[in-house]
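Where a number appears in this text, it was derived from the coordinates with a stated rule and is not lab data. Just so we're clear, the structure is a prediction, and the values are computed from it rather than from any experiment. FYI the Cβ positions are ideal-geometry reconstructions off the backbone, even for glycines, and counts take in every protein chain you see.
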């Protein structure tokens, strides 16, 4: 049985510009190279595998769950810069979900999902290797395009978009996600270990 690798995903969200006459939120989606084995050709949030360099050097006295959380946070920051050219702060990340890839997939990951609000304009730079394109898009529009077959969203991405589609402001979204239960899939996942005192180690 293949054990999943630890990974991180960042849901970057901004308030939509008012030039279109509509209001609401937009999230950043990246197009994965179609030649990639895992979710090639899919539109996803920035993220990737946790590397050895992401683990805290002074982890001997920390609980294993804290070590994983700290490594996931650092990987989230690193991957966002590598894949989208955006520098984010660990303190801005809100842990919202944990997804473990089902058995039978070509690659398996135990992935920490973090929400990151953006209050200032940023420039997106993709590497044209692993990531081929990007778009800022309303969650409801992304879901509609997925349903019509125009784009493909992995199940965790689609579920996350559904969970944020009803919000109109970053303030209300962040408040709701900060106080909501962590979404864990599957519910009895042996690969998710909740972190007690999470705020104290951010």
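List of remarks:
- Rounded to the nearest 5, the antiparallel percentage of DSSP beta bridges internal to segment 1-121 is 60%.
- Averaging the sequence gap over all C-alpha pairs within less than 8 Å and six or more residues apart, then dividing by the number of residues, gives the chain a relative contact order of 29 percent.
- For the chain, share of DSSP beta bridges that run antiparallel, in % to the nearest 5: 60
- Using the Cβ-Cβ distance between residue 5 and residue 147 with R0 set to 41 Å, the FRET efficiency from 1/(1 + (r/R0)^6) comes to roughly 0.85.
- Isotropically averaged projected area of segment 5-197, using the convex hull of Cα atoms (one quarter of hull area), nm²: 11.5
- Listed peptides 57-64, 31-38 by packing density, highest first (mean Cβ within 10 Å): 31-38, 57-64
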